[in-house]
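Note sheet for the following structure.
The values are calculated or read from the model by the stated rules, or taken from the named source; none is laboratory data. Nothing here was measured: the structure is a model prediction, and the numbers come from that model. Neighbour counts are summed over all protein chains in view; Cβ atoms, including those assigned to glycine, are modelled from backbone coordinates with ideal geometry.
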Amino acid sequence: MPQPNDRRTRIEDALTAAFVPDSLSVVDDSHKHEGHAGAAPGGETHYSVEIVAEAFGGLSRVQVQRAVMMVLQKEFDTGLHALALKARAPTSGKA
């Protein structure tokens, strides 16, 4: 079970507050990147996010990516190195 202040929880909380998603999955993939650039002891550096939110309706893929990155800027500033993002509106098909 994640700790209340772990990065995954903070990412989930920030994305939920900003976009009110219909679905959200945040996975810490840091263990897959041990020894690579940006990896750190203890992990919490590489994540995969899948998010479906009405807020993304009418936005281009680049606009959605920018919006998500802006919301997570504090995490990038404090050690988040990489984010694999799949994001879409509920009716827009595949991410």
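Before moving on, here are some points about what is shown:
- Pairs where the first residue, in the stretch 72-85, is without any contact (Cβ under 8 Å) to a residue 24 or more places away in the chain and outside any strand (DSSP E or B) and the second is among the basic types (Lys, Arg) and surrounded by 13 or more Cβ atoms within 10 Å (Cβ to Cβ), C-beta under 7 Å, 6+ apart: none
- Selection from the stretch 46-66 of residues that are more than 17 Å from SER23 (Cα to Cα) and touching a helix residue (DSSP H, G or I) at 6+ places or on another chain (Cβ under 9 Å): HIS46, LEU59, GLN63
Yes/no per residue for (1) aromatic (Phe, Trp, Tyr); (2) modelled with pLDDT of 90 or more; (3) surrounded by fewer than 13 Cβ atoms within 10 Å (Cβ to Cβ):
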| site | (1), (2), (3) |
| --- | --- |
| ARG7 | no, yes, no |
| VAL20 | no, yes, yes |
| ALA37 | no, no, yes |
| GLY57 | no, yes, yes |
| LEU85 | no, yes, no |
| SER92 | no, no, no |
